[in-house]
Amino acid sequence: MATTNLSSYDKNSLPDASCLRIAIICSEWNSEITENLLKGAYNTLVENGVKPENIFVEHVPGTFELTYGARRAALHYRPDAVIVLGSVVRGGTPHFEYVCQGVTYGVSALNATIDIPVIFGVLTTDDMKQAHDRAGGILGNKGDEAAVTAIKMAVLAAKIR
């Protein structure tokens with residue numbers, strides 16, 4: 001939402017994250033955006049107690065491949081949560097809709113079929129300015145928001161297992 005800072009959260013409201021293991025799958029497409037999302041997510045996890053050695057980062061070529069990368073990371077690393085980070089910018093073809101729909105359905109399917117939360121940290125914007133604004137710009141960083149969500153959902157999953 002254009003009025004919400006994606007980096008705003010109450011640090012005191014987060015549960016203890018010191019024992020969590022988090023995998024991050026980051027798209028290489030639009031890397032000037034996705035690398036900022038990755039920095040935000042990684043730093044937010046560390047700032048909230050996740051040990052660097054318990055953060056597993058992998059890259060995939062594009063946003064559509066995030067679903068496969070998330071599933072492989074879940075099986076290999078056995079994390080408490082997986083964060084997927086990508087950026088899809090609308091163009092003049094229907095490719096935007098196909099990629100956005102595919103990754104959205106893919107992440108939803110993973111959340112319905114595997115036993116850990118997969119967090120959707122994908123920007124779907126009309127232009128690069130909107131992407132920059134949400135990847136560390138004036139509207140904060142979607143990576144920060146995804147990391148906070150991962151912590152909360154991982155703790156919830158452990159609580160109600």
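The values are calculated or read from the model by the stated rules, or taken from the named source; none is laboratory data. Fair warning: this is a prediction, and the values are worked out from it, not measured in the lab. Note that each Cβ is placed from the backbone with ideal geometry, even for glycine, and that neighbours are counted across all protein chains shown. Please note that ligands, DNA and RNA were not included when accessible areas were found on the heavy atoms of the full protein model with its side chains. Shrake-Rupley method; radii C 1.70, N 1.55, O 1.52, S 1.80 Å.
Classify segment 21-62: rounded, prolate or oblate, from the alpha-carbon gyration tensor (a ≥ b ≥ c, eigenvalue square roots; a/c under 1.5 rounded; otherwise prolate if a/b is larger than b/c)? Oblate shape, in that a/c is at least 1.5 and b/c is the bigger or equal ratio.
What accessible area per residue, rounded to a whole number of Å², is obtained for the chain using a probe radius of 1.4 Å? Present the calculation step by step, with values, prior to reporting the outcome.
Working: 8230 Å² over 161 residues.
So the chain comes to 51 Å² accessible per residue, rounded to a whole number.
What the phi angles of segment 152-160 give under the Karplus curve with 6.51, -1.76 and 1.60, with θ = phi - 60°, is a coupling list of 4, 6, 5, 5, 4, 4, 5, 5, 10 Hz, glycine and proline written as x. If you count Lys pairs in the chain whose Cα atoms are under 27 Å apart, skipping same-chain pairs closer than 8 places in sequence, the total is 15. In segment 119-160, taking the dipole from charged Cβ atoms about the Cα centre, the farthest positive-side position among Val122, Met153, Asn141 is held by Met153. Could you tell me how many degrees, from 0 to 90 and to the nearest 10, lie between the Cα long axis of helix 95-113 and the main elongation axis, the longest principal axis, of the Cα atoms of the chain? Tilt of helix 95-113: around 20 degrees.
Tell me, rounded to the nearest percent, the portion of alpha carbon pairs in segment 107-161 spaced more than 18 Å apart. It works out to 44 percent of all Cα pairs.
Among residues other than Ala81 with Cβ under 10 Å from its Cβ, the summed charge is +1 (Lys and Arg +1, Asp and Glu -1).
For the chain, a crude dipole built from +1 on the beta carbon of Lys and Arg and -1 on the beta carbon of Asp and Glu, taken about the Cα centre, is about 440 debye to the nearest 20. Pair-distance distribution P(r) for segment 1-85, from all Cα-Cα distances in 5 Å bins starting at 0: 3, 14, 23, 22, 20, 13, 5, 0 percent. Across the accessible surface of the chain, with the other protein chains kept in place and a 1.4 Å probe, carbon and sulfur atoms take up 55 percent. For segment 47-161, the C-alpha radius of gyration divided by 2.2 N^0.38 Å, with N the number of residues, is 1.09.
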